[in-house]
Amino acid sequence: MLKGSFELIGDKSISHRAIMFSSISKGYNKISNFLMGQDCLSTISCFRKMGIDIDIKGKDVFVKGNGLRGLKKPNEILDVGNSGTTIRLIMGILAGNEFESTLIGDESISKRPMKRVTDPLRTMGCKIEGKEDANYTPIKIYGGNLRGIDYKMPVASAQVKSAIILASLYANENSIIYEKSKSRNHTEIMLKSFGADINVNDLKININPVDELYNQDVYVPGDISSASFIIVGTLITKGSEVLIKNVGLNKTRTGILDVVEAMNGNIEIINQRIVGGEIVGDLLVRYSPNLIATTINKDIIPRLIDEIPIIALLATQAEGTTIIKDAKELKVKESNRIKTVVDNLKLMGADIEELEDGMIIKGKNKLKGGKIKTFKDHRIAMTFSIANLISDGDIKLDNEECINVSFPGYLELISNLLK
Ligand code: S3P
């Protein structure tokens, strides 16, 4: 069983944004509780290559911003590693800066679609080249001279939205973005605190260009996406009770809590507070023997997109048929997460069926051990490390190192909580 309490590691989405916005602000910025995961370190490395001084001291990062137009042309290719957030958001910033730059990433990044970003940036007047009409890396950006945009987003994606918002800071007129459904809004919240002129009205976002962003200190709350593995591990492992401290509870991220409630899971939110414009609280999670199935679709999907692999595992331990639909986006994450989840859970003996845009899971099932193909996807590796807590026979992951992308120290934390 899992027992104990711990302070949650910093949020990945917020850590990326804190480095990026600090780098293009004017002055000194301190970022506390920064996530030292591989993805966020890739963001730091890209901005260092554009002349930004960034010092890491423990869990704090000090960034000397050089102003909105103060980035230097990089002498080297910018390598984003495994990070979709780095490449998509940075493209918005590079589009506004008057120099040429080239972006590459790892094998997973080279398969992920970028046209969702290059299309609107081209509409704003940016010249972009890349494989298959700039849908895939390497991508070359010739920045500067942007127009405003009036854009209806064809996908619900915070990465795409953020790229367009960032490019809009540099445009010669205002921009309007209409979201398809509400995705995480950390960019809007944090950029406003840096002095950007952004107005949000439900799905409509209005951005007026500004001359400069001001320096800010940013506190990074804990990452609910990282917490979700421990949450589910606690819910499904007999006798467990874990207190997760300092969890970011921004409404655009808490879809998993709604799902757990609908499934009869036992989670209590305590000590709720607001830190740096973001809601934070502690979660007291308890083993829940009477889980029931649910349906997950439509507008809740962007609020739990990264949690679907671990929710699928949860559904194998719930009575009834859980249906997950409208989640086609899963196919273009770090791996094809519909396939990687379905294939691996099937191998463990789950009753699960793959859909074009999701999956159907019939519970409750005893799971057996086996060899898991992670496709070097951090969230797949963590999902099946949790499955190991309840399986008959051991689960072997073909790669554990990928967990460092978002949750360094994860395996050690699990072994500390295991009683
Ligand atoms: C992220 C947005 C999500 C999410 C990713 C991080 C972000 O991607 O899957 O892990 O930080 O903006 P999409 O917005 O493309 O769905």
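The values are calculated or read from the model by the stated rules, or taken from the named source; none is laboratory data. All figures in this text were calculated on a predicted structure; none of them were measured in a lab. Using ideal geometry, Cβ is built from the backbone for each residue, glycine included, and neighbour counts are taken over all protein chains shown. When the accessible area is computed, the model is the full protein with side chains, heavy atoms only, and any ligands, DNA or RNA have been set aside. Shrake-Rupley method; radii C 1.70, N 1.55, O 1.52, S 1.80 Å.
Values as computed for the structure displayed
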read-out	value
The lone exception for Asp299 - which of (1) modelled with pLDDT of 95 or more; (2) of a type outside the set (Ser, Thr, Tyr); (3) within 16 Å of the ligand (Cβ to nearest atom) it fails	(1)
Residue list for the stretch 322-338, restricted to those being more than 10 Å from the ligand (Cβ to nearest atom) and either of a type in the set (Ser, Thr, Tyr) or within 18 Å of Val259 (Cα to Cα) (or both)	Thr322, Ile323, Ile324, Lys325, Asp326, Ala327, Ser335
Residue in the stretch 11-20 that is more than 15 Å from the ligand (Cβ to nearest atom) and hydrophobic (A, V, I, L, M, F, W, C) present	no
Residue count for the stretch 328-381, restricted to those that are of a type in the set (A, V, I, L, M) and in a helix (DSSP H, G or I)	9
Hey, Ile386 buried (at least 20 other Cβ atoms within 10 Å of the Cβ), touching a strand residue (DSSP E or B) at 6+ places or on another chain (Cβ under 7 Å) and at pLDDT 95 or above or not	no
Members of the stretch 70-110 that are open to solvent by 10 Å² or more (accessible area, probe 1.4 Å), within 13 Å of the ligand (Cβ to nearest atom), among the hydroxyl-bearing types (Ser, Thr, Tyr) and outside any helix (DSSP H, G or I)	Ser108
Selection status of Val242, under 27 Å from Ser183 (Cβ atoms), buried (at least 23 other Cβ atoms within 10 Å of the Cβ) and in the same structural domain as Leu389 (by TED's automatic domain parsing)	no
Contacts under 6 angstrom Cβ, first residue in the stretch 207-218 being within 9 Å of Lys26 (Cα to Cα), partner open to solvent by 70 Å² or more (accessible area, probe 1.4 Å), 6 or more apart	Glu212/Lys26; Asn215/Tyr28
Residues of the stretch 130-171 classified as more than 16 Å from the ligand (Cβ to nearest atom), in a loop (DSSP other than H, G, I, E, B) and farther than 21 Å from Glu212 by Cβ, total	1
Lone qualifier among Glu278, Glu307, Glu334 - being modelled with pLDDT under 95, in contact with a Gly (Cβ under 8 Å, 6 or more places away or on another chain) and in the same structural domain as Lys368 (by TED's automatic domain parsing)	Glu278
In the stretch 7-58, the residues that are open to solvent by 10 Å² or more (accessible area, probe 1.4 Å), out of contact with any strand residue (DSSP E or B) (no Cβ under 7 Å at 6 or more places or on another chain), in contact (Cβ under 8 Å) with a residue 12 or more places away in the chain and not in a helix (DSSP H, G or I)	Met36, Ile56
Qualifying residue in the stretch 277-284 (condition: within 16 Å of the ligand (Cβ to nearest atom), open to solvent by less than 50 Å² (accessible area, probe 1.4 Å) and among the acidic types (Asp, Glu))	yes
Matching option when the condition is β-branched (Val, Ile, Thr) and more than 15 Å from Val117 (Cβ to Cβ), among Ile90, Ile77	Ile77
Residue satisfying all of: in the stretch 185-198; charged (D, E, K, R) and open to solvent by 30 Å² or more (accessible area, probe 1.4 Å); farthest from the ligand (Cβ to nearest atom) among these	Asp197
Filter pass, Gly4 being part of a strand (DSSP E or B), farther than 30 Å from Leu284 by Cβ and away from the ligand (no atom under 16 Å from the Cβ)	no
